[in-house]
Every structure is written in structure tokens, then in C-alpha cells.
Amino acid sequence: MAEGVLPLTTIGIIIVLAIGLSILVRRIGLNPVLGYIFTGFLLGPFFLGFLHPEDALVVGFGELGLFILLFYLGLELSLKDFLKAGSASLGLALIDMTLSAGFGFALMQLFGYSFLFSVIVGFMLFCTSTAVVAKFAIDKGILHDPPSQLAVAILILQDFLGILLLVLVTSISASGSALELGLTALAFAVAAFYVVHHLSRAADAWLTSKGFGHTEVTLYAIGIGLIVATLGNLLHLSTALGAYFAGFALAETRAGEKIKKDVNFMRDFFLVFFFVSFGTTLFYDHLKGDIVIPAAQTMGLLVVLALVLVVLSEIAHSLAAALFGPLFGLTRFDSSTTALLLLPLGEFVVIIATAAREVLPGNETGLVSTLAFLIIAISVIAFQPAYDRIAWHRKIFGALPELFQVRQAPKTELAAHTPLSRRLLKEFGSNFLIVACLAYATVLLYYELPRLGLPLLYARQSTAILVFLLFAVLPFFKGLEALYRLLEHAFKQVHEPLSATPRD
């Protein structure tokens, strides 16, 4: 921060410039987030030097912005919304995420980047901006159309799975304890949800009975969210995990909607500082503590990579929707709408890039922020022109062969969850949780049990694997069977008469 400038003056300058640039960006049809990021870039060490990525004000407000953003995302995604998305959207979301991440990972590996950097870039490619898509669908009057509803349902599932991947990224350490931290994160998430949910229901009832208004309930919610986030940090987990699952648990209480409305302004306010903070890190090397401008060749390569990554992400969305959509009730004609609505990348890309800086090798730390900004900018700029040419998209991907011989419905029909699909979803999740816990226990035992010194090659490793398989094979195949039956049930809901739908 510039010397002699009071923090309040700095905050005022940031807000005025950020709002001005976001309005300008919005007027030309782009995501206002780009305006916030560009504000940080202008005020940061690259141009004016008014802000520095390591200033206490920038770091503090950036962390608070991340907390509020993820707390709000947790409030946005309730269990009811998760279940409302339906088993069909779950299947299509998993296929879409796998293709997107796989294409991104393969490209970065092809260009010689590290395994971790490639994984992180792959994660970024399915982080579609929910805000951009929802606003666009509302403006176009297509929000309640089945293909748009399917796209939004996929975004809900991507947000939920994206936060788990964020935990994975932030839990990886150089000591190789990623598995231990990942299992700790899982246990902490379950415990946080259970405790906050039940405690908040009691607190909400008590505050209401004593005549307190929603202001006190909202302050309680923010306080409990900060406590859970801090506890997560004490366990060497990302504070984002605590913030997200605190919001997720509070969404299930009676006061969830009121809390969300009250936090809405705080989200918008601190969101500005989070993205401005991110903008100051463009071309900034945290290890050297200075700006490092990539060579023209490197910068050109990043631009080309970003462009190719955006194209690959849209190809992945289109292949998933066109080839596999008919299995879930999506017509080939409507698949183009769903695929194009998944194009614009947004805020979660920034969140993942911010978290990744802590775990990437030094030569790649400075690249992740720049690449994240480029793929957001390119995807958002390309979104409107691509959607305006949806007829071309339908012509290109409509020519793909039919992989599955299914009855094509005259229009897209989306099936909601049934008692059977809910039960199968629980079976799938619980069995794979058991497999994960068994894998964790096997690794711990491998390192902790005494060595017997048997003169056999790889005896210790072979024994550990055999013991793991002995116990894990049954829940693994039970989980696979549940997933298969879940997708089969979704298929039958769409492609068979209602009377033939399996019953619980």
C-alpha cells in the first residue's frame, strides 16, 4: 500500500475504481469479475504500485472475501437443491467433469508441465461461472427451459464437487501427507455439518423464542462460520472448507434463507476485494517477492494454451451433452443449449488458482494466476458470440453418431430423484467412503507396523495390497453396482412409461 495513505482512503479508491471498471466491462457484455481483477492489476506492483500482494490490507480483505464467498456458496447449495438436481444430472455432470479435466490435464502434460499443475488446470476447466450463466439465462428468458435447468443442475453439482477438489488441492503438502489431510478433511466436513446443523437449529429456535430478529441470527451464523473456518485451519486444512460446510449446514435451518439475504451485501462487498487481491498477483512471483514478466515466447504460449484450453473445455461439454445426454433425457437438439451454457468460466477458477499458489513448484507459481485470468477472460468473451451461433453448434455436433440406441423423446425430459434413487445415491457414497477409509488405514498400517525382514521382493507392499483388496473389494463393487443401478434407474425414468418406473 502506498505510504502515507490511510486504509479507509485505500478502501475507497479500490471500491470506486473497481465499480467503475466493472460497469465498463458489463456494458460491453462481459463478466464484471474481469473489471475487479483488472483493478487489482492496475493498482498492483505491475503498474501503479499502489497495492502490494503481501500488504496486510490486501491479504486480510482477500481472505475475508474468500471466506464470505464460500460461506455464501454453502448457503446457496442446500441438500434439497442437491437432491432436486436429480440422478440424471449427476450422471451427466460426472461425465462432463471427467472429460473436461481429462482434456485439460492431457494438454498440460503434452507441453511438459508438472503433474500437479496439469491436475489443477484440469480442475479449472469445469469451474463454470454460476453467476454468469444464471444471469444470462434470466435475461434470455430460458431459465426454466429443461436444457437450461439441466445446465444449472450440473453447475450445482460442480460447485459441490469443486469445493472437495479445492480441499484436495490445499491439503497437498511437500511432506507427502495429502492422503492423511484428505481423510481429515472428510471427517472434519462431516462433523462440521452435523454439529453446526443441530447447534444452529437450537440457536435459531432460542433466539426466535426470546424475540430476537434475523439480524442476531445472521451475526450468529457469521460467527459460527468463522469459528468453524478457524478450527479447519488449526487442523492444517483450508479455511475454505470450514466456511463452505458451515454455510452448507446453515442452509438446512429455518433461518437459512434469511441469513442468505443478509449476507448477500457482504458477499458483494468483500467479493470486490477478493478479486482485486487476485489481480495484484498477476505476474507476481511470491518466492522472489517481485514482478517477473514472462518472456514474450512464454506469454505467447500461455495465451495460446488458454485459447486451446477454452476450446477443449467446450468440446468436452459438447461431447458429454450430445453423446451421453440422450441417456438422461436430453435431446440432441437441446444438448447444444446445455453445452454452450457451460462455457463461461468464473470465480471458482480464481479460488483454485489462489489455493494452488501455495503448493505448486516455484517456476509454476507465477504462471497459474496468469493462466487462470486468461481462460476466464477468453471464455467469457467467447460466450455470447458462441451462443448467438448456436445453429452452427447444432449442425456440427448434431452430425455425431448415436452411441446409444435409445428412444428419442420429442423434447427434453428431466427426472427428479425418487426414493429409490436417493437410496442408491446413499449406497454409492457410503460404500466408496468405506473404500477410502480402508485405503487410509492400509497406508497407516504399512508405515506403522514393524518390519519382519522377510527375504521376499516387495513383500511388505504386496501384503498391504492384498489385505486392502481382501476387505475393500466387496464395498467397491457394491458402490459400483449402486452407481450402475442409479444411472439405469435415471435412464428408465426417461425412456420407459411411468408405470414401468422401478419402485422402492
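The values are calculated or read from the model by the stated rules, or taken from the named source; none is laboratory data. No experiment lies behind these values; they were computed from the predicted model shown. Neighbour counts run over all protein chains shown; Cβ positions are idealised from the backbone, glycine included.
The helices (runs of 4 or more DSSP H) found entirely in the range 329-409 that carry 2 or more residues being within 20 Å of LEU319 (Cα to Cα) are 332-341, 362-388, 390-397. Restricting ALA316, ALA339 to those that are within 15 Å of LYS395 (Cβ to Cβ) and of a type in the set (A, V, I, L, M, F, W, C) reduces the list to ALA339. Would you mind stating whether ALA240 is assigned to a helix (DSSP H, G or I), modelled with pLDDT under 75 and surrounded by 19 or more Cβ atoms within 10 Å (Cβ to Cβ)? Judged against the criteria, ALA240 is a match.
Scoring GLY223 on the criteria (1) outside any helix (DSSP H, G or I); (2) of a type in the set (Gly, Ala, Ser); (3) at pLDDT 80 or above leaves a single failure, condition (1).
Kindly indicate whether PHE117 is at pLDDT 75 or above, crowded, with 20+ Cβ neighbours inside 10 Å and not polar (S, T, N, Q). For PHE117, the condition - at pLDDT 75 or above, crowded, with 20+ Cβ neighbours inside 10 Å and not polar (S, T, N, Q) - is met. Screening ILE13 on (1) buried (at least 23 other Cβ atoms within 10 Å of the Cβ); (2) over 27 Å from the mean Cα position of the chain (by Cα) shows it passes everything except condition (1). Scanning the range 308-339 for residues that are in contact (Cβ under 8 Å) with a residue 40 or more places away in the chain, surrounded by fewer than 24 Cβ atoms within 10 Å (Cβ to Cβ) and hydrophobic (A, V, I, L, M, F, W, C) returns VAL308, LEU312, ILE315, LEU319, LEU323, PHE324, LEU327, PHE333. Restricting attention to the range 344-362, does a residue exist that is at pLDDT 85 or above and touching a helix residue (DSSP H, G or I) at 6+ places or on another chain (Cβ under 6 Å)? Among the residues of the range 344-362, at least one is at pLDDT 85 or above and touching a helix residue (DSSP H, G or I) at 6+ places or on another chain (Cβ under 6 Å), which makes the answer yes. Looking only at residues that are over 15 Å from LEU374 (Cβ atoms) and β-branched (Val, Ile, Thr) in the range 120-130, which one is surrounded by the fewest Cβ atoms within 10 Å (Cβ to Cβ)? My answer is THR130. Is it true that PHE105 is more than 30 Å from LEU250 (Cβ to Cβ), modelled with pLDDT of 90 or more and surrounded by fewer than 16 Cβ atoms within 10 Å (Cβ to Cβ)? No, not satisfied.
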